[in-house]
1. Report, to the nearest 10°, how far helix 59-70 tilts away from the longest principal axis of the Cα atoms in the chain, using its own Cα long axis and a range of 0 to 90°.
2. Label-point separation (nm) for Thr3 and Asp30, each offset 7 Å from Cα along Cα-to-Cβ?
3. On each of the three principal axes of the Cα atoms of region 154-248, give max minus min coordinate, whole Å, ordered largest first.
4. Given the options Ala216, Ala50, Ala36, state which has the largest fluctuation in a GNM of the chain using a 10 Å cut-off (strictly under) for Cα springs.
5. Taking 1 over the mean of 1/r across every pair of different Cα atoms in region 141-309, what Kirkwood radius in Å do you get?
6. Using only the alpha-carbon atoms of region 195-264 as identical scatterers, what base-10 log of I(q)/I(0) does the Debye formula give at q = 0.15, 0.22, 0.27 Å⁻¹?
7. Per residue, how much accessible area does region 16-64 show when a 1.4 Å probe rolls over the protein heavy atoms, in square angstrom?
8. Semi-axes of the chain's equivalent ellipsoid from the Cα gyration tensor, sqrt of 5 times each eigenvalue, largest first, rounded to whole Å?
Amino acid sequence: MQTFLHGRDLIGDLDFSKEEVETVLEVAFDLKRKRALNELTPYLRDKVLAMLFFFSSTRTRGSFEAGMAHLGGHAAFIESRTTQIAHGDTPKEIGEIFGRYFDGIAIRHCDWGIGNQYLNEVAKASRTPILNMQCDIYHPFQCLADLMTIIEKKGRDLRRKKMVVSWAYAASYQKPMSVPQSLVLQMPRFGLDVTLCRPPEFKLMPEIMKMAEEQARKFGTKFEVVEDMDEGFKDADIVYAKSWGAMVHTPDAEEGAKIIKKYESWITDERRIGLAKSDAIYMHPLPADRNIEVTDAVIDGPHSVVYDEAENRMHVQEAVMALTMS
Ligand code: CP
């Protein structure tokens with residue numbers, strides 16, 4: 001068990017070793033149990049987290065804010081548009097100054113080609129940990145919550161279990177590709193055979209694919225790519241189907257929307273979930289485009305674990321904050 005995580009950043013999924021992720025999960029399960037028993041967990045008394053948002057959020061904001069309160073500290077909600085960032089505060093200045101005010105700085109910045117770089121620039125200047133609340137490349141806390149949920153539903157021995165990470169059609173907006181990228185990087189380390197399923201235009205970043213292949217090789221798991229949603233779902237133990245934008249192909253939102261429209265049939269419905277194993281779980285980080293990305297019957301049905309998944313955001317985040325900010 002690797003417990004010395006004090007002062008560490010969590011920006012990319014592989015920033016923590018497998019053993020360190022196992023530590024996070026053990027602490028998260030303990031915090032979840034303690035919360036169920038109404039036991040106090042004041043590991044971060046009088047500590048303050050800055051939550052800097054460049055993009056909207058329901059779960060991330062709520063779970064980080066509640067999590068800091070459960071740990072005996074406080075979370076300051078800061079929207080970039082209400083700061084002086086647009087008037088010239090640089091990432092270095094944010095890191096230097098917030099690093100002196102706060103005990104940790106959590107940032108959500110999903111702008112394509114900008115977000116991850118911004119987090120890394122703040123991290124270089126900050127004396128306190130930087131926590132990635134989602135960028136254009138990674139969504140590590142979502143992925144940790146997903147892993148915790150999979151272990152709860154499928155047990156700790158995940159070898160030879162098939163997880164399909166599938167693209168799905170959505171009309172609301174072009175969602176970042178950070179969730180599937182985090183999943184293909186982290187899940188092979190825990191024994192899952194990952195099938196990435198997506199139309200040809202919705203490839204993940206080549207460097208992420210290379211890293212995911214390396215992880216699968218290192219941990220002796222299968223990693224394959226298919227371009228047919230039915231094929232991807234076949235015999236899956238875990239179905240994780242969500243939309244992401246075609247940003248690698250085109251930064252043009254209109255052009256991206258035209259490409260997406262071609263794949264309206266990529267929905268998770270009862271027929272399709274029926275192709276997976278009978279005890280398969282359906283996962284989605286939310287928000288979902290209901291009856292476009294996934295039918296009500298599936299997301300509200302017996303396979304769905306989306307609310308446990310959302311709850312676990314809070315427990316894994318509390319674990320990482322307690323380990324890095326104490
Ligand atoms: N899953 C997730 O990150 O949700 P929010 O965008 O609401 O924070």
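The values are calculated or read from the model by the stated rules, or taken from the named source; none is laboratory data. Bear in mind the structure is a predicted one, so any value in this text is a computation, not a measurement. Ideal geometry is used to build each Cβ from the backbone, glycine not excepted, and the neighbour counts take in all protein chains shown. Ligands, DNA and RNA are stripped out before the accessible areas are found, and what is left, the full protein with its side chains, is counted by its heavy atoms. Shrake-Rupley method; radii C 1.70, N 1.55, O 1.52, S 1.80 Å.
1. So the helix axis and the longest Cα principal axis differ by about 40 degrees.
2. 0.7
3. That works out to 37, 27, 20 Å along the principal axes.
4. Ala36
5. Across region 141-309, the inverse of the average 1/r is 15.8 Å.
6. -0.58, -1.07, -1.28
7. Heavy-atom SASA per residue in region 16-64 reads 52 Å².
8. Semi-axis lengths for the chain are 31, 24, 18 Å.
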